[in-house]
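The values are calculated or read from the model by the stated rules, or taken from the named source; none is laboratory data. Treat the numbers as computed from the prediction; the structure is a model and nothing was measured. Reconstructed Cβ throughout: ideal geometry from the backbone, glycine too, with neighbour counts over all protein chains shown. Quick note on the areas: whole protein, heavy atoms, side chains included, nothing else; ligands and nucleic acids left out. Shrake-Rupley method; radii C 1.70, N 1.55, O 1.52, S 1.80 Å.
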Amino acid sequence: MDLNYSPEDRAFRAEVRRWLETNVPKQELPALEDRKAWHRRLYEAGYVGMLWPKAYGGWGTTPMRQAIVQDEMARVGAPPPINGLGIGFIGPTIIVHGTDWQKQRYLKKMLTAEEIWCQLYSEPNAGSDLASLKTRAEDQGDHFLVNGQKIWTSAGPIADWGILLARTDSKVAKHRGISCLLLNMRQPGVEVRPLKQITGHALFSEVFMTNARADRRDLIGAVGQGWEIAQTTLGYERGANSLGRVTRYAAAFHQLVRATRELRRGGRPLIEDPAVRAKMGRMFAELEVQRYAALRVLSALQNGESPGAASSITKLSYTEFEKRYYETALEILGPWGQLMSSREEFEDVDTSSGEPGTWATAFLWARAGTIYSGSSEIQKNIIGERVLGLPKEVRADRLKA
Amino acid sequence: MDFSFSPDQRLLRDSARAFLDEHAKPAAVRLLWDDPRGESEALWKEMAQLGWLGLALPEAYGGSGLGMLEAAILLHELGRAGYPGPYLPTLLAAAAIGAAGSEGQKARWLPAIATGEARASVALLDAELDWRPEATAMRAEKTGAGFALSGRKHFVPWAHVARVLLVPARAPEGLTLFLVDPGAGGLTQTPAQAMDPGTRWSTMTFERTPVGADAVLGAPGQAGPLLDALLRQGAVGAAAEMLGAARRCLDLSVEYAKVREQFGQPIGSFQAIRHKCAEMLLEVENSHSAVYYAAWALDARSEDHELAASVAKAYVGDAARRVCGESIQVHGGIGFTWEYDLHIYFKRAKALEAQYGDGDYHRELIVRRVAA
């Protein structure tokens, strides 16, 4: 057990820090073309696609180094690369299950953000029970005809391509009738409608497919193999965000400290109030535990261990923590924590975890974490069944099947 | 960056578990609960032979020269077994003597501790419920031959079996640590019966208790940093023991949820129970990260080692209380019976939560470190 970073990793961190100092854009990047340009610079520097094999244009480096890059980017508030879902998840799916033609056609343009990707999985009536999805893909020989609706699609409006789960056979058990296709988003049969969230922004979309066309050469794996492909937990990005996330929480904590020095109650700064101190002590203890847990995950990855279902513990842990964290911050800040715009006299109050927005935005966003990518309840089912070995529940749909 | 145990550390853990599974079964723990002494001389001697008592002591004094990490591994196993005895207070006293003792003090106590001949303890809590060393109220007046100690120490663990006690007191020079013979004159010991029958506390009343000038550990007036370090080791040690107790309760709950049937199904198939077990695992795994990070940090003297010790104690204290408590809930009525073993671990974790600085104390230390 040695929790020091290796000399090589320390040197690498210093190198990343220097690179970011000279290269991070000085102003925000509202235009898509500017964000793509920034993404390409990150890629060319070796900081995007770090875990992809070199054969597919990646850098073949370690999870630890990738986590260090994201950590350093979080530290300076650098804009993130843009094709996260593509590079973290869709590309690796193509690498594992795709044809040579698909790899040639899609991977490099995904890495360089020449083409942006989205995921077309969830539906209005297929959330946690994803396998009950209704979107149909009819086999027309050289192509599939796609009809249906998807929801919670990130990057929908800017996406060029999507990875789609659709039903190709409604007569077999629900898990077996699903196929995985790559869908061109730039076609008349695909309509993307932004979906405004409780934060007031629209980072997700609804996607409506009406006689949209997916070429047969864009079928991933075999017909009916879609569920299996979607279940393959691909570890390319595992642990990538672990350190950066904690660094953003810590930055928020230090902003909270500054705010509690400025805000006063009973003639003294809030930071001197024992009730406030107790809350802050608990917040920071939990934050540090998240950091230790992140190091433990990275160490396991480095030792070649595959966390498998145990990664559900990580997801459950940090998303539930994040909710408590911002809830407590807003308790401490009172109405100051609920402001949606900056106020000159209390600049430090009006800030968030490194993303643009306010404490209020961070507080609202924290509600999403325990729902997306498998809700906390689904994670607990996975932990219960696959980590602890508890018996499966009796489910109505299993009884029927 | 490597968070995994070395082969030697794994061997230590596995052999400790095998030994305690054999020699500290719940039935054996219950026998000790009913024993006036409360701990086993035979077990202590075996622990000495296994090298556990001198684990972190220098080799020159019969120890193995290992560190807090190995101690935490052992304490985790002791917590898992619900072992009752003065292992942690002895370890802490020995560490302080090793760190600050004169040659004579080290030669007198360390080999005796390593061989199991002497147990030791620490008297940290004074009249006020305040873990800060500076809250010490006990007085040490200068006499011709040394000092006279007056005051009261509460919740001194295993004082009745200790051969030597570490006692902080206010001397004319300032806060000073004394090595005190529990049999010294003017010193009365009153047992205080704890909720956990495996935790033995005494109230120690000092009435001009004489100690020699050679009883001072370290320099007079300089005990503050020594006590801070001792509290940190105590915090991490207690956290490791609580982690072991929590892990045991989780394991028992999962086993039970697989076999206990209600409504025609194992209760573990119900989300209400399964989700509870998943939450317990989450807290146990996070506690594991906190305990071993902190133990490593103390050994490595990393720049955040003080913070890490407080984080471990504050986090694991809460987590272990919840996990052990929820294990009773998972078991239902049977878990509330004296015959069932869960309360061994539930009570031990609760006892440790209140020692070596409680959650409030460590959370305040955390805020001081990060927000000044």
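Here are some residues: A:51, A:32, A:20. Which one is more than 17 Å from the chain's Cα centre (by Cα), surrounded by 14 or more Cβ atoms within 10 Å (Cβ to Cβ) and not assigned by TED's automatic domain parsing to the domain that holds residue A:248? So that I can check it myself, show each step before the final result.
Numbers: A:51 fails: more than 17 Å from the chain's Cα centre (by Cα); A:32 fails: surrounded by 14 or more Cβ atoms within 10 Å (Cβ to Cβ).
Checking each option against the conditions leaves just A:20.
I'm checking my understanding of the structure. Among residues of segment A:299-313 that are at negative phi and more than 9 Å from chain B (Cβ to nearest Cβ), which one is modelled with the highest pLDDT?
Looking at residues that are at negative phi and more than 9 Å from chain B (Cβ to nearest Cβ), I get A:301.
Would you confirm, using the coordinates I've provided, whether residue B:329 is more than 11 Å from every other protein chain (Cβ to nearest Cβ), assigned to a loop (DSSP other than H, G, I, E, B) and not aromatic (Phe, Trp, Tyr)? Steps first, please.
Numbers: more than 11 Å from every other protein chain (Cβ to nearest Cβ): yes; assigned to a loop (DSSP other than H, G, I, E, B): no; not aromatic (Phe, Trp, Tyr): yes.
For residue B:329, the condition - more than 11 Å from every other protein chain (Cβ to nearest Cβ), assigned to a loop (DSSP other than H, G, I, E, B) and not aromatic (Phe, Trp, Tyr) - is not met.
What pairs can you find where one residue is in segment B:123-138 and assigned by TED's automatic domain parsing to the domain that holds residue B:91 and within 16 Å of residue B:203 (Cβ to Cβ), the other is among the hydroxyl-bearing types (Ser, Thr, Tyr) and surrounded by fewer than 22 Cβ atoms within 10 Å (Cβ to Cβ), and their Cβ atoms are less than 9 Å apart, with a gap of 6+ or different chains?
Short answer, once both residue conditions are applied: none.
Answer yes if at least one residue in segment A:204-212 is open to solvent by less than 50 Å² (accessible area, probe 1.4 Å) and not in a strand (DSSP E or B), and no otherwise.
Taking every residue of segment A:204-212 in turn, none turns out to be open to solvent by less than 50 Å² (accessible area, probe 1.4 Å) and not in a strand (DSSP E or B).
Could you check segment B:268-291 and list, in sequence order, the residues that are more than 7 Å from chain A (Cβ to nearest Cβ) and either open to solvent by less than 10 Å² (accessible area, probe 1.4 Å) or touching a residue at least 60 places away in the same chain (Cβ under 8 Å) (or both)?
Within segment B:268-291, B:280, B:284, B:287, B:291 qualify.
Could you say which residue among A:71, A:2 is surrounded by fewer than 18 Cβ atoms within 10 Å (Cβ to Cβ), acidic (Asp, Glu), under 21 Å from residue A:242 (Cβ atoms) and within 14 Å of another protein chain (Cβ to nearest Cβ)? Spell out how you get there, then give the answer.
Details: A:71 fails: surrounded by fewer than 18 Cβ atoms within 10 Å (Cβ to Cβ).
Within the list A:71, A:2, the selection yields A:2.
Quick check on my filter: what residues within segment A:257-275 are at the interface with chain B (Cβ under 9 Å from one of its Cβ atoms) and of a type in the set (A, V, I, L, M, F, W, C)?
Within segment A:257-275, the subset at the interface with chain B (Cβ under 9 Å from one of its Cβ atoms) is A:257, A:260-261, A:271, A:274.
Listed by number, the residues that qualify are A:257, A:271.
Quick check on segment B:341-359. Is at least one of its residues open to solvent by 10 Å² or more (accessible area, probe 1.4 Å), without any contact (Cβ under 8 Å) to a residue 24 or more places away in the chain and not small (Gly, Ala, Ser)?
So far as segment B:341-359 goes, yes, one or more of its residues are open to solvent by 10 Å² or more (accessible area, probe 1.4 Å), without any contact (Cβ under 8 Å) to a residue 24 or more places away in the chain and not small (Gly, Ala, Ser).
Of all residues in segment B:35-45, which are open to solvent by 70 Å² or more (accessible area, probe 1.4 Å) and in contact (Cβ under 8 Å) with a residue 24 or more places away in the chain?
Answer for segment B:35-45, where residues must be open to solvent by 70 Å² or more (accessible area, probe 1.4 Å) and in contact (Cβ under 8 Å) with a residue 24 or more places away in the chain: B:37, B:45.
Which numbered condition in (1) within 19 Å of residue B:356 (Cβ to Cβ); (2) among the aliphatic types (A, V, I, L, M); (3) touching a residue at least 12 places away in the same chain (Cβ under 8 Å) is the only one that residue B:149 fails?
Here residue B:149 meets the rest and fails (1).
So which residues in segment A:105-133 are of a type in the set (Asp, Glu), at pLDDT 95 or above and open to solvent by 30 Å² or more (accessible area, probe 1.4 Å), if there are any at all? Before you say what the answer is, go through the steps one by one.
Start the filter on segment A:105-133 by keeping residues that are of a type in the set (Asp, Glu), which leaves A:114-115, A:123, A:129.
Still in the list and also at pLDDT 95 or above: A:114-115, A:123.
Passing the criteria: only A:114.
Scan B:31, B:43 and give me the residue that is of a type outside the set (Phe, Trp, Tyr), outside the structural domain of residue B:338 (by TED's automatic domain parsing), in a helix (DSSP H, G or I) and touching a helix residue (DSSP H, G or I) at 6+ places or on another chain (Cβ under 8 Å).
Numbers: B:31 fails: touching a helix residue (DSSP H, G or I) at 6+ places or on another chain (Cβ under 8 Å).
Answer to the check: B:43.
For a quick check of your reading of the model, give me the residue pairs whose first member lies in segment A:371-388 and is touching a residue at least 24 places away in the same chain (Cβ under 8 Å) and within 9 Å of chain B (Cβ to nearest Cβ), whose second is β-branched (Val, Ile, Thr) and not in a helix (DSSP H, G or I), with beta-carbon atoms closer than 6 Å and at least 6 apart or on different chains.
As it stands, the answer is A:376/A:370, since those pairs meet every condition given.
With B:117, B:103 as the choices, which residue is under 26 Å from residue B:24 (Cα atoms) and among the acidic types (Asp, Glu)?
On inspection, the qualifying residue turns out to be B:117.
Filter segment B:292-304 for residues that are over 15 Å from residue B:238 (Cβ atoms), buried (at least 19 other Cβ atoms within 10 Å of the Cβ) and of a type in the set (Ser, Thr, Tyr) and give the result.
B:293
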